[in-house]
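Below you'll find the structure, written out as structure tokens, and then a few comments.
The values are calculated or read from the model by the stated rules, or taken from the named source; none is laboratory data. Please read these numbers as outputs of a predicted model, since none were measured by experiment. Here Cβ is always computed from backbone atoms with ideal geometry, including for glycine, and neighbour counts include all displayed protein chains.
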Amino acid sequence: MEKLKFQFQSFQDLLFMEDHGIYVWGVYLAATILMSIFYLVIDNKLKKTKSGE
Amino acid sequence: MRNLLLPLVSVKEYIALNQKIYPFVMLFGIFLISIGWITGLFFAPVDAIQGHSYRIIYIHVPMAIFSQLIYWFMAIWSFSFLVWKIKIGPLMTISAAYIGCMVTFIALFSGSIWGIPTWGTWWQWDARITSTFILFIMYVALLTVNGSFQNTYKADQITAWITLIGVINIPIIKKSVDWWSTLHQPASISLASESSIDLSMLIPLVISILGLGLFLFALGLKVSRLLLLKYEET
Amino acid sequence: MNEFQKLFYKTRNWLGPNLIFVMVMIAFPLSLNIYSAELETSFESILVIALLMIAFISSEGIFNEDFLDGSFEMFISEGRSLFQLVMEKFCAYYFMVSLPISLAALAFALANGVIKDNYLLTASGVFFVNTIFTSIFAFGSAISLNKGAILGIISVLPFSMPAVIVFGRFLDNLSVSNISFSFLELLAGLSIMSFLIFAWLSSKIIKLHLE
């Protein structure tokens, strides 16, 4: 097993990830946003239904 | 034993249990996901062939696993509803379908983005992608069918039948990569045999899978509470 | 009056799908150069699409009229089995729609130069796959009895995919009759299974609609 250590030298390096950054960050961002929207919609509807609208 | 099983049968007990465990499951799930994703994104070693783009695995694989597991979950509840008339069966099926729909979409989406740097194409009509896409359509279809009947009993019965027949698709997805020679790689991790990826990459993956499982379970609890309130209204 | 006679007098329900199939198969070479090799290569995919389309069109109204004019209710009140009635209906459709279409498909396959021999194999393959599609879409039309056809299609279309895959393998291997024959057996098995399963399920769903 290789040791788990921080893999990037600088912030730039972390952001671009040798030109793969756009894909990696894009996927993580999109998935997080989608799941958050799902959660918020359900939460909102639940509150509305509870208050009897 | 009876106390354990009661929430599975009675709606009232179910709500009580639901509200009790929801915050813990949700928080613990988010905690595990964050650990898994942070180690996966920043600390796991770079893949020799795919470079940094392989880090998408920590989203793609958990989502793909749960897209199929959720369908099994739905099928089991549908079966129990049809055979033993368990009241919360349809509730579980429909709330899982909402989540399954989202999860399958993310699995497809993350897979196609991952395909751009590694395969050079975002879509390929290979066996696994196509059958996952069919799974996504099935989730949407189930929700449409369930939503289009005013009579909830009728809607629940029909949805349960369609869910049960749709189970034939799941083994096809699972085995498609082994049966047809396609672009998609075979599974890297397996319970039965030794995994083909390094332990330092595997640990964050396992943590993300567990975390996502808990998070989705918590979401499911929330959706089912919403559906229950709506059922009571009508 | 039995189901065969009933279907026979409703010409549009069985002649319509047959005519549409012929028209689709005639229409597709018109878009290609007659001498091009595309004619042979695209035949399979057009055939699958045409078969899916026909199965959908022919099974769309399979239960509709009986549901609307109260025949089903009368049938149940007489104490007869709905499952048997649905099976009869399926058989009538296999005989009046699937069988002629498989013969027509054979004729078109010959005309497009796709097969050199194995006539019987091709025709029976098309027949079996068409029966599978018909059973599946009939189930869909049972689901959407009073909701319009689209609901039924979207809910059952995914189930036809395994049959499409097997049929594709079958057509690919037509020149090797050994392999093709084993795929034909698989199609025949699927056909019998889908006949029984979807007939039973359709009768269940119709009963649910009547409650």
Next item on the list: Looking at (1) under 21 Å from the mean Cα position of the chain (by Cα); (2) touching a residue at least 12 places away in the same chain (Cβ under 8 Å), find the lone condition where B:Ile76 falls short.
Entry: (2)
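Has region B:178-195 got any residue that is within 14 Å of chain A (Cβ to nearest Cβ), surrounded by 14 or more Cβ atoms within 10 Å (Cβ to Cβ) and modelled with pLDDT under 90?
We begin by selecting, within region B:178-195, every residue within 14 Å of chain A (Cβ to nearest Cβ); these are B:194-195.
Still in the running and surrounded by 14 or more Cβ atoms within 10 Å (Cβ to Cβ): B:195.
Still in the running and modelled with pLDDT under 90: B:195.
Yes: region B:178-195 contains one or more residues that are within 14 Å of chain A (Cβ to nearest Cβ), surrounded by 14 or more Cβ atoms within 10 Å (Cβ to Cβ) and modelled with pLDDT under 90.
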Note to self: Whether any residue in region B:55-77 is within 12 Å of chain A (Cβ to nearest Cβ), surrounded by fewer than 20 Cβ atoms within 10 Å (Cβ to Cβ) and either at negative phi or at pLDDT below 85 (or both) is what I want to check.
What the structure shows: no
Check: What do you reckon, is A:Ile33 within 30 Å of B:Leu229 (Cβ to Cβ) and more than 7 Å from chain B (Cβ to nearest Cβ)?
Finding: yes
Notebook entry, point to check: What is the one condition in (1) aliphatic (A, V, I, L, M); (2) farther than 14 Å from B:Ser78 by Cα; (3) buried (at least 20 other Cβ atoms within 10 Å of the Cβ) that B:Ala160 does not satisfy?
Noted result: (2)
Notebook entry, point to check: Is it true that some residue in region C:113-120 is in contact (Cβ under 8 Å) with a residue 40 or more places away in the chain and either within 14 Å of another protein chain (Cβ to nearest Cβ) or assigned to a helix (DSSP H, G or I) (or both)?
Noted result: no
Next item on the list: State whether the residues of region C:42-58 include one that is crowded, with 17+ Cβ neighbours inside 10 Å and farther than 22 Å from C:Leu15 by Cα.
Entry: yes
Next item on the list: Give the number of residues within region B:121-175 that are at pLDDT below 85, over 26 Å from C:His209 (Cα atoms) and among the hydroxyl-bearing types (Ser, Thr, Tyr).
Entry: 3
Notebook entry, point to check: For region B:16-54, which residues satisfy the criterion of being facing chain A (nearest Cβ under 8 Å) and either assigned to a helix (DSSP H, G or I) or in contact with an Asp or Glu (Cβ under 7 Å, 6 or more places away or on another chain) (or both)?
Noted result: B:Trp37, B:Thr39, B:Leu41, B:Phe42, B:Phe43, B:Pro45, B:Gly51, B:His52, B:Ser53
Item checked: Selection within region A:5-25 - surrounded by fewer than 15 Cβ atoms within 10 Å (Cβ to Cβ), within 7 Å of chain B (Cβ to nearest Cβ) and either hydrophobic (A, V, I, L, M, F, W, C) or within 19 Å of the chain's Cα centre (by Cα) (or both) -> A:Phe6
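So if I check each of C:Ser58, C:Ser98, C:Ser77, which one is within 26 Å of C:Lys207 (Cα to Cα) and under 12 Å from the mean Cα position of the chain (by Cα)?
Numbers: C:Ser98 fails: within 26 Å of C:Lys207 (Cα to Cα); C:Ser77 fails: under 12 Å from the mean Cα position of the chain (by Cα).
Only one candidate qualifies: C:Ser58.
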Checklist line | Residues located in region C:154-194, provided they are more than 9 Å from chain B (Cβ to nearest Cβ), touching a residue at least 12 places away in the same chain (Cβ under 8 Å) and β-branched (Val, Ile, Thr) | finding: C:Val164, C:Val166
Check: Among all residue pairs at least 6 apart or on different chains, which show Cβ distances below 7 Å where the first residue, located in region B:125-154, is over 22 Å from B:Phe81 (Cα atoms) and the second is outside any helix (DSSP H, G or I) and among the polar types (S, T, N, Q)?
Finding: B:Asp126/B:Thr182; B:Ala127/B:Thr182; B:Arg128/B:Thr182
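Out of B:Val145, B:Val140, B:Val103, report the one residue that is under 16 Å from the mean Cα position of the chain (by Cα), surrounded by 22 or more Cβ atoms within 10 Å (Cβ to Cβ) and assigned to a helix (DSSP H, G or I). Write out each step before concluding.
Working: B:Val145 fails: under 16 Å from the mean Cα position of the chain (by Cα); B:Val140 fails: surrounded by 22 or more Cβ atoms within 10 Å (Cβ to Cβ).
Selected residue: B:Val103, the only one of B:Val145, B:Val140, B:Val103 that is under 16 Å from the mean Cα position of the chain (by Cα), surrounded by 22 or more Cβ atoms within 10 Å (Cβ to Cβ) and assigned to a helix (DSSP H, G or I).
Does region B:79-113 hold any residues that are of a type in the set (A, V, I, L, M, F, W, C), in contact (Cβ under 8 Å) with a residue 24 or more places away in the chain and within 10 Å of chain A (Cβ to nearest Cβ), and which are they? Full working, then the answer.
Step one: filter region B:79-113 for residues of a type in the set (A, V, I, L, M, F, W, C), giving B:79, B:81-84, B:86, B:88, B:91-92, B:94, B:96-97, B:99, B:101-103, B:105-109, B:113.
Then keep just the ones that are in contact (Cβ under 8 Å) with a residue 24 or more places away in the chain; that gives B:79, B:81-82, B:86, B:88, B:91-92, B:94, B:96-97, B:99, B:101, B:103, B:105-108, B:113.
Matches in region B:79-113: B:Ile99, B:Cys101, B:Val103, B:Phe105, B:Ile106, B:Ala107, B:Ile113.
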Check: Can you name every residue in region A:20-53 that is within 16 Å of B:Lys222 (Cα to Cα) and aliphatic (A, V, I, L, M)?
Finding: A:Met35, A:Ile37, A:Leu40, A:Val41, A:Ile42, A:Leu46
Checklist line | Checklist (1) closer than 21 Å to A:Phe16 by Cα; (2) without any contact (Cβ under 8 Å) to a residue 24 or more places away in the chain applied to B:Pro23, failing item | finding: (1)
Checklist line | Residue, nearest to the chain's Cα centre (by Cα), within region B:114-132, restricted to residues that are more than 10 Å from every other protein chain (Cβ to nearest Cβ) and in a helix (DSSP H, G or I) | finding: B:Thr132
Note to self: Restricting to region B:140-154, give me the number of residues that are within 10 Å of chain C (Cβ to nearest Cβ) and touching a Phe, Trp or Tyr at 6+ places or on another chain (Cβ under 9 Å).
What the structure shows: 0
Next item on the list: Within region C:1-56, track down each residue that is outside any helix (DSSP H, G or I) and over 29 Å from C:Phe139 (Cα atoms).
Entry: C:Ser31, C:Leu32, C:Asn33, C:Ile34, C:Tyr35, C:Ser36, C:Ala37
